[in-house]
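The values are calculated or read from the model by the stated rules, or taken from the named source; none is laboratory data. Because the structure is predicted, anything quoted here is derived from the model rather than measured. Note: ideal-geometry Cβ built from the backbone for every residue, glycine included; neighbour counts use all protein chains shown.
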């Protein structure tokens, strides 16, 4: 038996294989492989004070309550995805009207995800003709089923029509939100359980196929309604049977190229859902399906189970995901189980989210902690145990995340040149950065450091909050914010609100005299692309001046860049070419001498490569006085 390896050791190449996602890019690229989204579910339902009391689920109307600190902690642990498993936006009972409280609650959760720099999938648990207890608690005796159960969505056309209308409204509302990367139409469709208690898909579809109970006739209507108002956001569809892998082959894919077919993976349930004291271990030999025949349950067993996904993908040419998975934290061998499961999921290039990320709401968190991996494997422990072996597997896998909403945030700005570096004659060059919030509220930004002369597939990033109508100035931003000595560029992505940004790079001490240059923040939208050149003006050459030109790849796509120096009459004096990796910043010092040109008044910047975008700048320095002028490139008409 091979020794257990942390999942980080199983995924050494993940950071090198990231999707080519760009500023404002299509979120579909996050689902097309390799694995790009790794995160956790958060769970909420309606609060019923008569059942829940006044504290357990929070003050309502939905609980348990999540705070900004809860989602910040999820992001800090390494996740880049939150699957929001919550009530739908329309009422569960006729006339199925919009539930404004549910909408406000989802707005709040999405705003928290945005501020935490997390992508989000909206997953509806309940809605017209469907109440929560059908999913979580079917058959339990602590509530009155005549009051709290409703599964009419599987028998009532009006409820299904309302479910369709609910998703059309949802898509119309959130289609332009850059953190929303998926609509999960229904959490764990389960007509087979609530109508028939039938667990054989062959027998159930022979009885119910083509009826209102058949999810295959309802979800295509929902997809079509969404596409009427939102042609781009990916749609996630789960199979019947509480979304078990075994029921996936009975899903009938729709003719929509942006639909992902998603499963929930808790098999074998007899192992993953053992209450203390557990008796089954992983790996182990036990009966997984109650047929009286024990099986060897190990990595090979899990691989064969996920082979069902492989066959579905191959047969239909579609994309799949695992947006719920896990096991109770105290199961013997659970860290090995999770490591094998995550490794096999990622080997298939599937996105995944574990169940679940519990809130800090104490009345809930102290009682509901069976899947809270932060507490570790001891069922007697009911508090965070940093570094426990179960957490190590999950956070180790999350460490491979390279993409966040700040990579695609609209309105992203770049400070193309920044420094914290020694210069000639005892000088030390540093950059001060200032941000000002504009608009009615505070602004939240993600500031990323793009180190010069290297690829930055997972740049260091710090989130900052700028109070409303206020400014924040960061002296020596590379040193104070990142503890970095060197040069590079900064990417400022607005996560909430709007900001103005400016910087100055200089040497000397304030109060004693300084000299340097103002470096403006440049919108990502002004980059040169394969379809559009950028131009630099007011360049000068030796011997009186030296001109340095900088280039910043604003995307994760490798690009080729040509800088063509122009004579005053417009002719080409020389061309310098550079290859840039993902989010790489470079400086070409004394470019005229490098190119062998005697003079140039300007330059054209051209980009080749699939989807790349490059920001260019020049610094023209008077060799007699040291006076420097910063020249940003400006886009010109399409080629």
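Of everything in the range 185-213, what is more than 24 Å from residue 127 (Cβ to Cβ) and touching a strand residue (DSSP E or B) at 6+ places or on another chain (Cβ under 7 Å)? Give them in sequence order.
Residues satisfying the conditions do not exist here.
Could you go through the range 248-259 and let me know if any residue there is surrounded by 22 or more Cβ atoms within 10 Å (Cβ to Cβ), within 23 Å of the chain's Cα centre (by Cα) and modelled with pLDDT of 95 or more.
The answer is yes; a qualifying residue exists.
Tell me, please, whether a residue that is part of a strand (DSSP E or B), without any contact (Cβ under 8 Å) to a residue 40 or more places away in the chain and surrounded by fewer than 22 Cβ atoms within 10 Å (Cβ to Cβ) can be found in the range 414-427.
Checked the range 414-427: at least one residue is part of a strand (DSSP E or B), without any contact (Cβ under 8 Å) to a residue 40 or more places away in the chain and surrounded by fewer than 22 Cβ atoms within 10 Å (Cβ to Cβ).
For every residue, the table says whether it meets (1) in contact with a helix residue (DSSP H, G or I) (Cβ under 9 Å, 6 or more places away or on another chain); (2) assigned by TED's automatic domain parsing to the domain that holds residue 349; (3) closer than 30 Å to residue 379 by Cα.
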| residue | (1), (2), (3) |
| --- | --- |
| 215 | yes, yes, no |
| 236 | no, yes, no |
| 247 | yes, yes, no |
| 259 | yes, yes, no |
| 263 | yes, yes, yes |
| 297 | yes, yes, yes |
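Only one residue in 182, 127 is within 30 Å of residue 412 (Cβ to Cβ) and either touching a strand residue (DSSP E or B) at 6+ places or on another chain (Cβ under 7 Å) or modelled with pLDDT under 95 (or both), so which one is that?
182
If we keep just the residues of the range 134-153 that are over 24 Å from residue 105 (Cα atoms), touching a helix residue (DSSP H, G or I) at 6+ places or on another chain (Cβ under 7 Å) and not in a helix (DSSP H, G or I), which is modelled with the highest pLDDT?
143
With the structure loaded, tell me whether residue 561 is closer than 30 Å to residue 444 by Cα, buried (at least 20 other Cβ atoms within 10 Å of the Cβ) and in contact with a strand residue (DSSP E or B) (Cβ under 8 Å, 6 or more places away or on another chain) or whether it fails that test.
No, not satisfied.
One residue is enough: does the range 535-548 have a residue meeting the conditions buried (at least 17 other Cβ atoms within 10 Å of the Cβ), within 30 Å of residue 460 (Cβ to Cβ) and out of contact with any strand residue (DSSP E or B) (no Cβ under 7 Å at 6 or more places or on another chain)?
no
Sort out for me the strands (runs of 3 or more DSSP E) sitting completely within the range 262-339 that have 3 or more residues that are at negative phi and surrounded by 17 or more Cβ atoms within 10 Å (Cβ to Cβ).
319-325
Could you please let me know if residue 118 is crowded, with 20+ Cβ neighbours inside 10 Å, within 15 Å of residue 42 (Cβ to Cβ), modelled with pLDDT of 95 or more and in contact with a strand residue (DSSP E or B) (Cβ under 9 Å, 6 or more places away or on another chain)?
In short, yes.
Results for (1) out of contact with any helix residue (DSSP H, G or I) (no Cβ under 6 Å at 6 or more places or on another chain); (2) closer than 30 Å to residue 392 by Cα, shown as yes or no for each residue.
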site	(1), (2)
64	no, yes
68	no, yes
79	no, yes
88	no, no
99	yes, no
109	yes, yes
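Of all residues in the range 345-359, which are assigned to a loop (DSSP other than H, G, I, E, B) and in contact with a helix residue (DSSP H, G or I) (Cβ under 9 Å, 6 or more places away or on another chain)?
348, 350, 351, 357, 358, 359
Please specify each residue of the range 396-451 satisfying the condition of being more than 22 Å from residue 501 (Cα to Cα) and in contact with a helix residue (DSSP H, G or I) (Cβ under 8 Å, 6 or more places away or on another chain).
396, 397, 399, 400, 402, 403, listed by residue number.
Quick one: count up the residues across the range 123-149 that are surrounded by fewer than 20 Cβ atoms within 10 Å (Cβ to Cβ) and under 17 Å from residue 46 (Cα atoms).
Counting residues in the range 123-149 that are surrounded by fewer than 20 Cβ atoms within 10 Å (Cβ to Cβ) and under 17 Å from residue 46 (Cα atoms) gives 11.
Give 603, 595, 585, 574 a once-over and let me know the one that is in contact with a helix residue (DSSP H, G or I) (Cβ under 6 Å, 6 or more places away or on another chain), modelled with pLDDT of 85 or more and surrounded by 17 or more Cβ atoms within 10 Å (Cβ to Cβ).
Step by step, each of 603, 595, 585, 574 is checked, and only 574 is in contact with a helix residue (DSSP H, G or I) (Cβ under 6 Å, 6 or more places away or on another chain), modelled with pLDDT of 85 or more and surrounded by 17 or more Cβ atoms within 10 Å (Cβ to Cβ).
For the range 360-402, enumerate the residues that are under 30 Å from residue 556 (Cα atoms) and in a loop (DSSP other than H, G, I, E, B).
The answer is 399, 400, 401, 402.
Report, by residue number, each residue of the range 76-115 that is without any contact (Cβ under 8 Å) to a residue 12 or more places away in the chain and in contact with a strand residue (DSSP E or B) (Cβ under 9 Å, 6 or more places away or on another chain).
Result: 97, single match.
Would you check if residue 569 is farther than 26 Å from residue 422 by Cα and either in contact with a helix residue (DSSP H, G or I) (Cβ under 6 Å, 6 or more places away or on another chain) or surrounded by fewer than 17 Cβ atoms within 10 Å (Cβ to Cβ) (or both)?
Yes, satisfied.
Please count how many residues of the range 428-447 are surrounded by 16 or more Cβ atoms within 10 Å (Cβ to Cβ) and either in a helix (DSSP H, G or I) or in contact (Cβ under 8 Å) with a residue 60 or more places away in the chain (or both).
Looking only at that region, the number is 11.
For the range 582-604, name all the residues that are part of a strand (DSSP E or B) and touching a residue at least 60 places away in the same chain (Cβ under 8 Å).
585, 586, 587, 602, 603, 604
Would you tally the residues in the range 33-60 being buried (at least 16 other Cβ atoms within 10 Å of the Cβ) and assigned to a loop (DSSP other than H, G, I, E, B)?
11
Could you list all residues from the range 488-530 that are more than 23 Å from residue 436 (Cβ to Cβ) and over 33 Å from the mean Cα position of the chain (by Cα)?
Result: 507, 508, 509, 511, 512, 513, 515.
Which condition number in (1) in a strand (DSSP E or B); (2) within 27 Å of residue 490 (Cβ to Cβ); (3) touching a residue at least 24 places away in the same chain (Cβ under 8 Å) is the one that residue 579 fails?
Against the list (1) in a strand (DSSP E or B); (2) within 27 Å of residue 490 (Cβ to Cβ); (3) touching a residue at least 24 places away in the same chain (Cβ under 8 Å), residue 579 comes up short only on (3).
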